[in-house]
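Below: one structure, written as C-alpha cells.
All of the numbers you see were taken from the coordinates with simple rules; none came from a lab. Because the structure is predicted, anything quoted here is derived from the model rather than measured. Using ideal geometry, Cβ is built from the backbone for each residue, glycine included, and neighbour counts are taken over all protein chains shown.
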Amino acid sequence: MELIYAQDNLNLGQMAARWVARELLICPDLVLGLPTGSTPIGMYQSLTRLCQEGIISFTKARTFNLDEYVGLAADHPQSYAFYMREHFWSKVDLQVENEDIPRGDVANLDEECQRYDAAIQKAGGIGVQILGLGPNGHIGFNEPSNNMEIHTHVVNLSTETIQANTRFFSDSAAVPRQAVTMGVGSIMQAQKILLLVSGESKKDILTKSFYGPVSTAVPSSILQLHTDLTVITDIKL
Ligand code: GLP
C-alpha cells in the first residue's frame, strides 16, 4: 500500500486528479470505477479542469459507477446518476455510451445486477477503481456483514449509513433503504485501487481498515489484500 498525505480536502482532490490523469495518459482507453459522496468532488473538479485545458481526454475511456440507490431514477436530484452528470459526465469529453451506473429504478433488480457485471466483464474488468470510505468502512455500498458479496447485488443500508447520508436528503425518512452496489469481487479484481479518505471523523475507521484485522465487519479492511493500492488522505495517522 502506498499512503500519500494531502494537506487538506482541496489538495486531496488535486492529488487524486493528477494520479488519475497519469493513468489516463498511460492508458487512454482506461476502464475507470468511480465513486460518489462528498470526498471525490474536488477530484472531479480538477479532472474537469485538466480535460478542459486539453491535458487529458476521456474520449476512449469507459466508466462504471460503484452504486445507486434503489427506487431513485436517474433524474432524481439525490440519485448517484444525477450526481455524476452534475459533477463529471456533463463536464468532460466522455462518450455517453461509455458511462455506466447500476439502475435503481428498474422492476427486475436481479437482472440489472447481472447486466452490470456482464458489462464490466465485457469491458475487460476495472483498470483503476477509485473508492471513498463510508463511516462504517463500507466501500461502494458493501456494508459490514457476516459475508462479502462478490457480484453486483442489492443491499439493505445500515442505520449508520442512512444517518450519514441523511445530509443529502430532506430528512432520514427520505433516504432509500436499499441500494445496488458493485460487489467486493469487481472492486478487488481491479488492477489498481485508489482510496480517498478525508476528514478527522474518519480517522478511526481508516486506522481500523489498514491496521486492524481483515474482517467482513470492516469491509474496507479487505483492501489490505490488494497488491496495488494507493490511499490519498488528509488525515494524519
Ligand atoms: C456513500 C457511497 C460511498 C462513499 C461514501 C462516503 O455512502 N455509497 O461510495 O464512499 O458515501 O461518502 P463521503 O465521501 O461523503 O464521506
**Q.** Residue with peak Gaussian network fluctuation, the chain [Cα springs, cutoff 10 Å], from LEU225, LEU109, LEU47
**A.** LEU225
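Quick check: from the Cα gyration tensor, does the chain come out rounded (a/c under 1.5), prolate or oblate?
Numbers: a/c = 1.30, a/b = 1.06, b/c = 1.23.
In terms of gyration-tensor shape, rounded.
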Q: Can you tell me how much longer the chain between GLN95 and SER38 gets when fully stretched, taken as 0.36 nm per residue apart minus their C-alpha distance, in nm with one decimal?
A: 18.1 nm
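Counting DSSP beta bridges with both partners in the chain, what percentage is antiparallel, nearest 5? Present the calculation step by step, with values, prior to reporting the outcome.
On the way: 9 of 30 bridges.
Around 30 percent antiparallel, to the nearest 5.
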Q) Out of GLU68, GLU149, GLU97, any idea which swings most in a Gaussian network model of the chain, alpha carbons joined below 10 Å? A) GLU97
Q: Report the label-to-label distance for ALA123 and GLN178 in nanometres (one decimal), using points 7 Å from each Cα along the Cα→Cβ vector.
A: 2.4
Q: Evaluate the distance, in nm, between pseudo-label points positioned 7 Å from the Cα of SER170 and of SER57 along their respective Cα→Cβ axes.
A: 4.5
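Stretched out fully, how many nm does the piece from LEU237 to ILE4 gain, at 0.36 nm a residue minus the Cα gap?
On the way: separation 233, 0.36 × 233 = 83.88 nm, distance 1.11 nm.
Value of the extension gain: 82.8 nm.
If I take every Cα pair under 8 Å that is 6 or more residues apart in the stretch 2-233, average their sequence separation and divide by the length, what percent do I get for the relative contact order?
Contact order relative to length: 23 percent.
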Q | 14 Å reach of a label modelled at HIS151, 7 Å along Cα-to-Cβ, counting backbone N of the stretch 178-221 | A | 181-186
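Using a Cα distance threshold of under 18 Å, what count of lysine pairs results for the chain when pairs must be 8 or more residues apart or interchain?
Details: LYS60/LYS91; LYS60/LYS122; LYS202/LYS236; LYS203/LYS236; LYS208/LYS236.
Total qualifying Lys-Lys pairs in the chain comes to 5.
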